[in-house]
1. Under 8 Å between Cβ atoms, at least 6 apart or on separate chains: pull out the pairs that start in the range 111-122 with a residue that is farther than 17 Å from Phe40 by Cα and end on any residue that is of a type in the set (A, V, I, L, M, F, W, C) and open to solvent by less than 70 Å² (accessible area, probe 1.4 Å).
2. I want to confirm something. Restricting to the range 91-133 and keeping residues that are loosely packed, with under 12 Cβ neighbours inside 10 Å and among the β-branched types (Val, Ile, Thr), which single residue is farthest from Leu53 (Cα to Cα)?
3. Based on what the data block shows, is Leu84 in contact with a Gly (Cβ under 8 Å, 6 or more places away or on another chain), surrounded by 11 or more Cβ atoms within 10 Å (Cβ to Cβ) and assigned to a helix (DSSP H, G or I)?
4. Does Glu14 fit the bill of being charged (D, E, K, R) and modelled with pLDDT under 90?
5. What pairs can you find where one residue is in the range 45-61 and closer than 15 Å to Met128 by Cβ, the other is open to solvent by less than 60 Å² (accessible area, probe 1.4 Å), and their Cβ atoms are less than 6 Å apart, with a gap of 6+ or different chains?
Amino acid sequence: MDAKLSQRVGELVENGWEPMTTTETTASLVGRRPFAWWLFLIVIFLFPLFGGLLYLVFWLATSKATVFLHVEGDEVVLAGDEWLIKLQEAQRDAYVERQRRIKEKGFLRVMWPQLVVSLLLIAVWIYMLKTYL
């Protein structure tokens, strides 16, 4: 595999992409687009019985993202869901900083606010299901 292509594939794998196929001058990788929590909450409140479950199924069915890389001359050219890669690269510094803090302080000390919010949302969803069923 070309050295520049290999380096770029390595960067994308660090961001969570999975290689599907690779050749000497091409590569294709797959990933998932971000989960829209605000849309999930809206769907839960509009359709409390099965709205959240339907949105989860919809997200799993439609969230697949694919990028294709190929070498043209001395450059690696990107095609496909480029917007997701640009979003990940824009958030890269924050991701690296969070990973550094997790290594220094531990997972629970850094991530407890997100865990609490997630558990509260799940509890509210279960409460709403029990209330309306």
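The values are calculated or read from the model by the stated rules, or taken from the named source; none is laboratory data. Note that the structure is predicted; figures quoted are calculated from it, not measured. Reconstructed Cβ throughout: ideal geometry from the backbone, glycine too, with neighbour counts over all protein chains shown. Side chains included, ligands, DNA and RNA excluded: accessible areas come from the protein's heavy atoms. Shrake-Rupley method; radii C 1.70, N 1.55, O 1.52, S 1.80 Å.
1. Partner pairs satisfying both residue conditions: Met111/Ile102.
2. Of everything passing the filter in the range 91-133, Val96 is farthest from Leu53 (Cα to Cα).
3. Working: in contact with a Gly (Cβ under 8 Å, 6 or more places away or on another chain): yes; surrounded by 11 or more Cβ atoms within 10 Å (Cβ to Cβ): yes; assigned to a helix (DSSP H, G or I): yes.
It is true that Leu84 is in contact with a Gly (Cβ under 8 Å, 6 or more places away or on another chain), surrounded by 11 or more Cβ atoms within 10 Å (Cβ to Cβ) and assigned to a helix (DSSP H, G or I).
4. yes
5. Pro48/Met128; Gly51/Val43; Gly51/Ile44; Gly52/Ile44; Gly52/Trp125; Tyr55/Phe40; Tyr55/Val43
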